[in-house]
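Reviewing the structure listed below.
Readers should treat all values here as calculations from the given coordinates under stated rules, not as data from a laboratory. These figures come from a predicted structure and were not determined experimentally. In this analysis, Cβ positions are derived from the backbone assuming ideal geometry, glycine residues included, and neighbour counts consider all displayed protein chains.
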Amino acid sequence: MFNKRASLEISIQAIVIVVLAMTLLGLGLVFIKNQFTGLGSIQEEVQEQVKQKILDDLISGDKKVSFPRTDITIDKGGALVMTIGIRNKKDNPLHYKMRFTPIQGPDGAPFSVDNPSWFQFAQTQVYTLSAAESDVRNIRLSIPTRIPSGSYFLTFDIIDDDLPPPGNVYAQKDFFINVRG
């Protein structure tokens with residue numbers, strides 16, 4: 001009789017341990033899920049803060065374009081999102097397009113890059129800004145794996161769609177892309 005009672009107690013203890021383990025596992029999973037949910041809202045807050053900082057930089061710095069990164073380091077096959085601000089300092093509406101112009105490759109020679117393969121944005125769209133208005137745009141930069149490593153020099157141009165070339169560049173910023181790989 002003593003053995004049956006001891007084995008019954010061991011069985012009850014085993015059931016209690018399994019229930020406690022499952023409960024703790026469930027609580028742990030809920031905690032981890034809540035942590036990752038919180039990260040998404042933090043990322044949105046950071047993006048809004050970056051946009052606000054760019055708008056503040058345009059106004060306080062009296063600039064036409066705010067391109068906060070002039071030296072970008074990225075791995076082959078990597079991607080990142082750049083936030084760019086544009087301010088209309090004209091007295092009439094600004095109708096503009098964005099353009100990236102390759103200037104110099106890693107070997108010091110001029111290079112030609114098919115911009116759509118590196119930069120993702122609405123290239124043919126003409127944006128409109130009222131007088132004294134500012135706007136923030138996101139542009140995705142994706143570096144293909146076939147691109148040689150090194151430093152690439154480019155310009156970011158805001159093209160005034162109302163003016164004929166060559167005097168149609170409303171604003172321009174130089175920047176470097178350092179490709180690691």
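Rounded to the nearest 20 debye, the dipole size of the chain about its Cα centre is 680 debye, using +1 on the Cβ of Lys and Arg and -1 on the Cβ of Asp and Glu. Summing charges over all other residues whose Cβ lies under 14 Å from the Cβ of residue 125, with Lys and Arg as +1 and Asp and Glu as -1, gives +1. When 98, 22 are sorted by how many other C-beta atoms sit within 10 angstrom of their C-beta, beginning with the fewest, the order is 22, 98. GNM on the chain, alpha-carbon springs under 10 angstrom: the most fluctuating residue among 160, 62, 135 is 62. Tell me which label goes with the value of percent of Cα pairs over 25 Å apart computed from the coordinates here: [x] 54; [y] 27; [z] 34. From the options [x] 54; [y] 27; [z] 34, the structure gives [x]. In plain terms, the residue of 31, 100 with the fewest other Cβ atoms within 10 Å comes first and the most crowded comes last, giving 31, 100. Bridgeable lysines around residue 76 (alpha carbons under 28 Å apart, same-chain partners fewer than 8 residues away excluded): 51, 97, 173.
FRET efficiency for residue 74 and residue 24, Cβ-Cβ distance as r, R0 = 45 Å, nearest 0.05? The calculated FRET efficiency here is 0.60.
Where a Cα-Cα gap under 13 Å defines reach, which aspartates and glutamates qualify for residue 63, not counting those fewer than 8 residues away within the same chain? Here the aspartates and glutamates satisfying the reach criterion relative to residue 63 are 133, 135. Cα centroids of segment 132-147 and segment 148-181: 11 Å apart.
Round to the nearest 10 and give me the degree value, 0 to 90, for the angle of helix 2-60's Cα axis relative to the longest principal axis of the chain. Roughly 10 degrees between the two axes.
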